[in-house]
1. Given the criterion on the phi < 0 side of the Ramachandran plot and touching a helix residue (DSSP H, G or I) at 6+ places or on another chain (Cβ under 9 Å), identify the matching residue among Val44, Val17, Val10.
2. Out of all the residues in segment 21-45, which are within 10 Å of the chain's Cα centre (by Cα) and assigned to a helix (DSSP H, G or I)?
3. When only residues in segment 34-61 that are out of contact with any strand residue (DSSP E or B) (no Cβ under 8 Å at 6 or more places or on another chain) and charged (D, E, K, R) count, which is surrounded by the most Cβ atoms within 10 Å (Cβ to Cβ)?
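Rule-based calculations on the coordinates, nothing more; no lab input. A quick note: this is a predicted structure, and the numbers were derived from the prediction, not measured. Backbone-built Cβ (ideal geometry, glycine too); neighbour counts: all protein chains shown.
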Amino acid sequence: MSKKVVIKQVRSDVGCVPAVRRTIKAIGLGRIGKSREIVSNEAVMGMLRRVSHLIDITPVK
């Protein structure tokens, strides 16, 4: 079974470079407090590292 993580946006992307804003949108976030449950793989983890200063990551059991 694949590992899943819950991603919650805790900071705004206003003032960030456009690449960070596009990454937040690609993850499916866009507002503070919005969260998504996604399957973790190498591509997703790379995206999460890029925006780690804006999000909280919680593993799903």
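1. Every option except Val44 fails the conditions.
2. Thr23, Ile24, Lys25, Ala26, Ile27, Val44, Met45
3. Among those residues, the one meeting the criterion is Arg50.
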